[in-house]
Amino acid sequence: MKFPIGVLVSGRGSNLEAILLHIKEGKLNAEVVAVISDREDARALKIAEDYGVDAYYIPCLEKKTVLVGEAEKKYIKQFKEKGVKLIILAGFMRILKKPFLDAFNGRIMNIHPALLPSFKGLDAQKQALEYGVKISGCTVHFVDAGVDMGPVILQESVPVYDSDSVDSLSQRILKHEHEIYSRAIQLFIEGRMKIEDRRVRILSGEKKKINSD
Ligand code: GRF
């Protein structure tokens, strides 16, 4: 049986697309059972549709940058009804609050386009360029109540060149995002992560079990 995951999106959807492609290619033993967007015009919704995945536009009118109120309840209900066991944030532009975090405790992942804890928040690639770092990258982490603060699962680094623009650096990082996100999801599905305080230890392949409840 394939592991049921739910994906939250707001925009372009390239990470969602990479996940769906890896599933199709048999590299990821998951099934995307629901995609929810807070924006009607998100390209990610179209991608989900192209792959035949159930996709929903659920607006959150109460606030612009957090998921709260009636919308938050609807998101939880929709994912629960679909039997989702892991939530993937893929360019979702809202902060999750306690009711949602509690509903999927320890089962929410995000990807961030920088090497956390550097350059948290918006425009991470621009922050990295402005700071002048020579290496940046991406981070898959568990989501907790802090913004871009949860335990780090996987990271990948890329060089930053003198000639880089925000766009060229973002593209270089994005290629790695598309790889490490699926890898992290597969490790979770196989039950190969052990969290000790903030440290996520990756267990070797032989001990694998399916992380189904
Ligand atoms: C990615 O850069 C991701 O790291 C960040 O938001 C962006 C989403 O891109 N969290 P996409 O919608 O997956 O193309």
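Could you grab the relative contact order for segment 1-105? Cα pairs under 8 Å, six or more apart, rounded to a whole percent. Before the final figure, lay out the partial values.
On the way: 190 pairs, mean separation 36.5, N = 105.
For segment 1-105, the relative contact order is 35 percent.
Taking only the Cα atoms of the chain, the ratio Rg/Rh comes out at 0.95, with Rh defined as the Kirkwood radius. Restricting attention to segment 7-77, which GluC sites (Glu not before Pro) occupy a DSSP loop and are surrounded by at most 16 other Cβ atoms within 10 Å? Passing both the DSSP loop test and the Cβ count: E25, E40, E62. Stokes-Einstein diffusion for segment 1-100, with the hydrodynamic radius set to the Kirkwood value over Cα pairs and evaluated at 10 °C in a medium of 1.306 mPa s, equals 118 µm²/s.
The Rg/Rh ratio of segment 111-213, with both radii computed over alpha carbons and Rh defined as the Kirkwood radius, is 1.03. For V200, the residues whose amide H sits under 5 Å from its own are V152, ignoring neighbours fewer than 5 places away on the same chain, with H placed 1.01 Å from N.
Tell me the mean residue ellipticity at 222 nm calculated for the chain from its helices only (DSSP H runs of n ≥ 4, each -39500 (n - 2.57), averaged over every residue, nearest 500). It would help to have the intermediate numbers written out before the result.
Values: 6 runs with 70 residues, N = 213.
That calculation yields -10000 deg cm²/dmol at 222 nm.
A 1.4 Å probe run over segment 1-105, with the rest of the protein chains in place, finds 50 Å² accessible per residue.
Too long at a 32 Å Cα-Cα cut-off: which of K77/K126; K24/K77; K46/K194; K74/K126? Don't jump to the answer; show the numbers that get you there.
On the way: K77/K126 36 Å; K24/K77 27 Å; K46/K194 35 Å; K74/K126 34 Å.
Going by Cα-Cα distance, K77/K126; K46/K194; K74/K126 fall outside the 32 Å limit.
Taking the accessible area of the chain, probe 1.4 Å, and keeping the other protein chains in place, the carbon and sulfur fraction comes to 51%. To the nearest 20 Debye, how big is the dipole of segment 10-68 about its Cα centre, given +1 on the beta carbon of each Lys and Arg and -1 on that of each Asp and Glu? Value, rounded to 20: 220 debye. For the residue pairs K85/K120; K64/K98; K64/K85; K63/K175; K82/K175; K27/K175, the alpha carbons lie more than 20 Å apart in K85/K120; K64/K85; K63/K175; K82/K175.
The values are calculated or read from the model by the stated rules, or taken from the named source; none is laboratory data. Here the structure is a predicted model, which means the values were calculated and not measured. In this analysis, Cβ positions are derived from the backbone assuming ideal geometry, glycine residues included, and neighbour counts consider all displayed protein chains. For accessibility, only protein heavy atoms count, side chains too; no ligands or nucleic acids. Shrake-Rupley method; radii C 1.70, N 1.55, O 1.52, S 1.80 Å.
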